[in-house]
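Engineer: The structure that follows is given in the form of structure tokens.
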Amino acid sequence: MKQIQHNRRTVMRTVAGLAMSALIPLGVAQAADPIKVGMMLPATGTYAKLGSAIDNAFKLYVEEQGGTLAGRSIEYHAVDDESDPAKATENANRLVVRDGVDVLVGTVHSGVALAMARVAKQRDTLFLVPNAGADDLTRAQCSPNLFRTSFTNWQPAYAMGKAATGMGHKTAVTLTWKYAAGLEAVNGFKQAFEEGGGKVVKELTTPFPGVEFQSFLTEIAALKPDAVYVFFAGGGAAKFAKDYAAAGLKDSVPLYSSGFLTDGTLGAMGGAGEGLITALHYADGLDNAKDKAFRAAYQAKYGMPPDVYAVQGYDAAQLLHAGLKAVGGDMSKKAEMRAAMRSATIESPRGNFTLSSSHNPVQDIYLRKASGEENPSTGIAAKALADPGTGCKM
Ligand code: BEZ
């Protein structure tokens, strides 16, 4: 009976919809429908907390606008991508083809995002990337429909490499999970470190999301480099920092990283992260009104402070809003909407940013030093850093 009632309601809505669309202009009919937003994020696994921060903050921004963007209400469709590239194409197709979303938002893991980009491109669906740093998303695989509100893996790593040579280090060992994000971060660090006269003497890798670090720590102790650079994030980052300290290396070999190592993870490190120096496009305690308001609102709604992932999710919603405002909520005006997004200045909690011609943020990279559960800035490691965008042709 319930099913029959549901079917009847659906038919009534369809009939009413047909009658209305015959009588009124397209723009007005569209405005009556919600915008379907497909949130493809990790809800399980080592990146689960990162996905939840993005989701929370995207929704916070929409709620702050009264639940609508440019007059259109928002309907969310969600998939847990499990940070698994092998399931990424099917998961993205669920949202884009099955659910017919108007915009795809995701994800954390670079390998998953690269697969999402292919699906979004095939269908010409707007794709907003609120974390995954895969360099190629805004280099060789750049696309008019793809916009990123986070970073390239190169950006914070390059800034960290510059800062490490500035501190006088001459040799470094790198260690990362072996997938696009970590490998590209190591490349960025190495480029700047060697441009500054340093030498990366060994590049170590372990499969994602493995957390068996002991043999690597033994090798680092034997190699005795001036410094270590790592890429880890989420649950695995907390485990690594604890193991590094427990191995007695923290006091003898300085550990550096892109700020994902310590963002949102210092509590779980239980003190092992104290004093760690990292580079990232966000820091705690920034002196700007937008950040203060954002942090207060996020804390009030979710009972915890936001981190860089939350900032990137919030800014993805802001960027979507900028596009929608330019077309009065009519997403069929694709070219106009994308042009407005390309030229937007996003008033972000990290500080204002614009997008490069390949649709990646041009942004300051802060140097931070962990203190308690926060990563306050100690200065700017790279001012208005733009990714080179190599190979991007739109
Ligand atoms: C990535 O896979 O691109 C990534 C994951 C976590 C933090 C930063 C980057």
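Engineer: If you scan the range 320-330, which residues turn out to be open to solvent by 30 Å² or more (accessible area, probe 1.4 Å) and either within 16 Å of the ligand (Cβ to nearest atom) or not basic (Lys, Arg) (or both)? Let's see the steps before the verdict.
Structural biologist: We begin by selecting, within the range 320-330, every residue open to solvent by 30 Å² or more (accessible area, probe 1.4 Å); these are 325-326, 328.
Ala326, Gly328, listed by residue number.
Engineer: Which is open to solvent by 60 Å² or more (accessible area, probe 1.4 Å) and closer than 26 Å to Pro305 by Cα, of Ala268, Ala272, Ala283, Ala241? Full working, then the answer.
Structural biologist: On the way: Ala272 fails: open to solvent by 60 Å² or more (accessible area, probe 1.4 Å); Ala283 fails: open to solvent by 60 Å² or more (accessible area, probe 1.4 Å); Ala241 fails: open to solvent by 60 Å² or more (accessible area, probe 1.4 Å).
Going through Ala268, Ala272, Ala283, Ala241 in turn, the sole match is Ala268.
Engineer: Does the range 149-165 contain at least one residue that is part of a loop (DSSP other than H, G, I, E, B), more than 16 Å from the ligand (Cβ to nearest atom) and β-branched (Val, Ile, Thr)?
Structural biologist: There is no residue in the range 149-165 that is part of a loop (DSSP other than H, G, I, E, B), more than 16 Å from the ligand (Cβ to nearest atom) and β-branched (Val, Ile, Thr).
Engineer: Next up: If you scan the range 92-111, which residues turn out to be open to solvent by 10 Å² or more (accessible area, probe 1.4 Å) and within 16 Å of the ligand (Cβ to nearest atom)?
Structural biologist: Once the filter is applied, which keeps residues that are open to solvent by 10 Å² or more (accessible area, probe 1.4 Å) and within 16 Å of the ligand (Cβ to nearest atom), the range 92-111 yields only Gly111.
Engineer: Take the range 144-163 and flag every residue that is more than 14 Å from Ala185 (Cα to Cα) and either open to solvent by 10 Å² or more (accessible area, probe 1.4 Å) or touching a Ser or Thr at 6+ places or on another chain (Cβ under 6 Å) (or both).
Structural biologist: Pro144, Arg148, Ala163
Engineer: Could you look through the range 190-214, keep only residues that are assigned to a strand (DSSP E or B) and more than 16 Å from the ligand (Cβ to nearest atom), and pick out the one that is most open to solvent (accessible area, probe 1.4 Å)? Quick ask: steps written out before the conclusion?
Structural biologist: Here is the first cut: in the range 190-214, the residues assigned to a strand (DSSP E or B) are 199-206.
This time we only want the ones that are more than 16 Å from the ligand (Cβ to nearest atom), so: 199-204.
Working: Lys199: 110, Val200: 11, Val201: 77, Lys202: 79, Glu203: 91, Leu204: 13 Å².
Within the range 190-214, the match that is most open to solvent (accessible area, probe 1.4 Å) is Lys199.
Engineer: Hey, can you tell me all the residues within the range 37-46 that are under 15 Å from the mean Cα position of the chain (by Cα) and part of a strand (DSSP E or B)?
Structural biologist: Met39, Met40, Leu41, listed by residue number.
Engineer: Quick check: is even one residue across the range 325-333 in a helix (DSSP H, G or I) and not assigned by TED's automatic domain parsing to the domain that holds Ala163?
Structural biologist: Taking the range 325-333 and keeping what is in a helix (DSSP H, G or I), we get 325-326.
In the following step, the residues that additionally are not assigned by TED's automatic domain parsing to the domain that holds Ala163 were identified as 325-326.
Among the residues of the range 325-333, at least one is in a helix (DSSP H, G or I) and not assigned by TED's automatic domain parsing to the domain that holds Ala163, which makes the answer yes.
Engineer: Sticking with this one: Of all residues in the range 47-60, which are more than 15 Å from the chain's Cα centre (by Cα) and either open to solvent by 20 Å² or more (accessible area, probe 1.4 Å) or under 19 Å from Leu261 (Cβ atoms) (or both)? Outline the logic, then answer.
Structural biologist: As a first pass, look at the range 47-60 and keep what is more than 15 Å from the chain's Cα centre (by Cα): 59-60.
The one that is more than 15 Å from the chain's Cα centre (by Cα) and either open to solvent by 20 Å² or more (accessible area, probe 1.4 Å) or under 19 Å from Leu261 (Cβ atoms) (or both): Lys59.
Engineer: Across the range 300-319, what is the total count of residues that are crowded, with 21+ Cβ neighbours inside 10 Å and either out of contact with any helix residue (DSSP H, G or I) (no Cβ under 8 Å at 6 or more places or on another chain) or among the aromatic types (Phe, Trp, Tyr) (or both)?
Structural biologist: 3
Engineer: Quick check on my filter: what residues within the range 369-383 are part of a strand (DSSP E or B) and among the hydrophobic types (A, V, I, L, M, F, W, C)? Please lay out each step first, then the result.
Structural biologist: Initially, the range 369-383 is screened for residues part of a strand (DSSP E or B), giving 369, 371, 374, 376-383.
Within the range 369-383, Ile380, Ala381, Ala382 meet the criteria.
Engineer: Turning to a different aspect of this structure: Any idea which residue in the range 112-142 is farthest from the ligand (Cβ to nearest atom), counting only those that are in a loop (DSSP other than H, G, I, E, B) and farther than 22 Å from Lys87 by Cβ? Spell out how you get there, then give the answer.
Structural biologist: Within the range 112-142, the subset in a loop (DSSP other than H, G, I, E, B) is 124-125, 130-134, 139-142.
Remaining after also requiring farther than 22 Å from Lys87 by Cβ: 124, 139-140, 142.
Values: Asp124: 24, Arg139: 14, Ala140: 16, Cys142: 16 Å.
Checked the range 112-142; the qualifying residue farthest from the ligand (Cβ to nearest atom) is Asp124.
Engineer: Could you please give the count of residues in the range 351-366 that are under 15 Å from the mean Cα position of the chain (by Cα), in contact (Cβ under 8 Å) with a residue 60 or more places away in the chain and open to solvent by 10 Å² or more (accessible area, probe 1.4 Å)?
Structural biologist: 1
Engineer: List the residue pairs whose Cβ atoms are under 6 Å apart, where the first residue sits in the range 253-276 and is of a type in the set (Asp, Glu), the second is modelled with pLDDT of 95 or more and part of a helix (DSSP H, G or I), and the two are 6 or more positions apart or on different chains.
Structural biologist: Taking only residues 6 or more apart or on different chains, the pairs are Asp263/Val308.
Engineer: Still on this structure, please answer the following. Taking the range 170-189 as the search range and keeping residues that are open to solvent by 30 Å² or more (accessible area, probe 1.4 Å) and touching a Pro at 6+ places or on another chain (Cβ under 8 Å), which one is farthest from the ligand (Cβ to nearest atom)?
Structural biologist: Ranking the candidates gives Thr171 first.
Engineer: Yes or no: the range 73-80 includes at least one residue that is open to solvent by less than 10 Å² (accessible area, probe 1.4 Å), of a type outside the set (D, E, K, R) and within 21 Å of Gly235 (Cα to Cα).
Structural biologist: From the range 73-80, those open to solvent by less than 10 Å² (accessible area, probe 1.4 Å) are none; that's our starting set.
No, because not a single residue in the range 73-80 is open to solvent by less than 10 Å² (accessible area, probe 1.4 Å), of a type outside the set (D, E, K, R) and within 21 Å of Gly235 (Cα to Cα).
The values are calculated or read from the model by the stated rules, or taken from the named source; none is laboratory data. From a predicted model like this one, the values you see are computed outputs, not experimental measurements. Cβ: placed from backbone, ideal geometry, glycine included. Neighbour counts: every protein chain shown. The area values use the complete protein model at the heavy-atom level, side chains included, leaving out ligands, DNA and RNA. Shrake-Rupley method; radii C 1.70, N 1.55, O 1.52, S 1.80 Å.
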